[in-house]
Amino acid sequence: MRKWAVIYSSVTGNTKAVAAAMAEEAGADLFRVQDAPADLSAYEAVALGYWLRRGGPDDLMKAYLPRIQNARIALFQTHGADVGSEHAVTSFARAGYLLGAGCEILGTFSAQGKLAPALIEKRKRGAKDDSHNSPEAQERWVRAANHPDADDLAAARTFVQKMEHKMDLLEKFRRAQEARKAKS
């Protein structure tokens, strides 16, 4: 395995659990975003995890992303939305947009996560026509309540393996390109 850093932001423990599973699989150095190094040049891959706030990374990760330069990145997130939903997918684009210069995004991983009880209570007090308090939203809260679960954590470990394989293929492709250039 390559040298990885896994950097995460977590409030409820959802993103921390996914980060720990990824770090264990990769044999990575694990950091809370508050304690993450400014210089990531010692790492061949950097996994950045966050929880969603207003359709993008939480504020701590949002402040950290622009400082990362010239790194191979895997983004991961936890949220109360359904995996693959427009909300979840769009948030990856918002995170990628915030990255500093020269970053290469290898892939993305998303897992549903339980919402903080205080947030659920706040949303329940919201207007009935608020999409955050709709019957559909309340159904999502129930589905998310048991996540991330063992299957989510296993998928996070598999994601690391897939990113390692992807980096192998990218390096093989780049070597083949260089060899073709040298022959011509």
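The values are calculated or read from the model by the stated rules, or taken from the named source; none is laboratory data. Just so we're clear, the structure is a prediction, and the values are computed from it rather than from any experiment. With ideal geometry, Cβ positions are generated from the backbone for all residues, glycine too; neighbour counts draw on all protein chains shown. Please note that ligands, DNA and RNA were not included when accessible areas were found on the heavy atoms of the full protein model with its side chains. Shrake-Rupley method; radii C 1.70, N 1.55, O 1.52, S 1.80 Å.
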Taking R0 as 45 Å, what FRET efficiency do you get between K162 and R54 from their Cβ-Cβ distance, rounded to the nearest 0.05? 0.95
Return the tail of the calculated pair distribution for the range 21-68, meaning the percent of Cα-Cα pairs more than 15 Å apart. 47
Based on the Cβ-Cβ distance of D82 and R174, what FRET efficiency does E = 1/(1 + (r/R0)^6) give at R0 = 45 Å, to the nearest 0.05? 0.80
How many percent of DSSP beta bridges within the chain run antiparallel, rounded to 5? 10
Report, in deg cm²/dmol and to the nearest 500, the calculated mean residue ellipticity at 222 nm for the chain, where each DSSP H run with n ≥ 4 adds -39500 (n - 2.57) and the sum is divided by the residue count. -14500 deg cm²/dmol
Using only the Cα atoms of the range 10-119, build the gyration tensor, take square roots of its eigenvalues as a ≥ b ≥ c, and label the shape rounded, prolate or oblate: rounded if a/c is under 1.5, else prolate if a/b is larger than b/c, else oblate. prolate
Report the full-extension gain for the segment A101 to D151: residue separation times 0.36 nm, less the Cα-Cα distance, to one decimal in nm. 14.6 nm
So A38 and T12, fully extended at 0.36 nm per residue minus their Cα-Cα distance, gain in nm 6.9 nm
Considering only DSSP beta bridges with both partners in the range 40-103, what is the antiparallel share in %, to the nearest 5? 25
Take the residue pairs K3/K172; K3/K162; K3/K62; K16/K172 and return only those whose Cα atoms are more than 27 Å apart. K16/K172
Need one value: the accessible area of F173 in square angstrom, 1.4 angstrom probe, rounded to the nearest 10. 110
GluC sites (Glu not before Pro) within the range 1-99, DSSP loop, no more than 16 other Cβ atoms inside 10 Å: E44
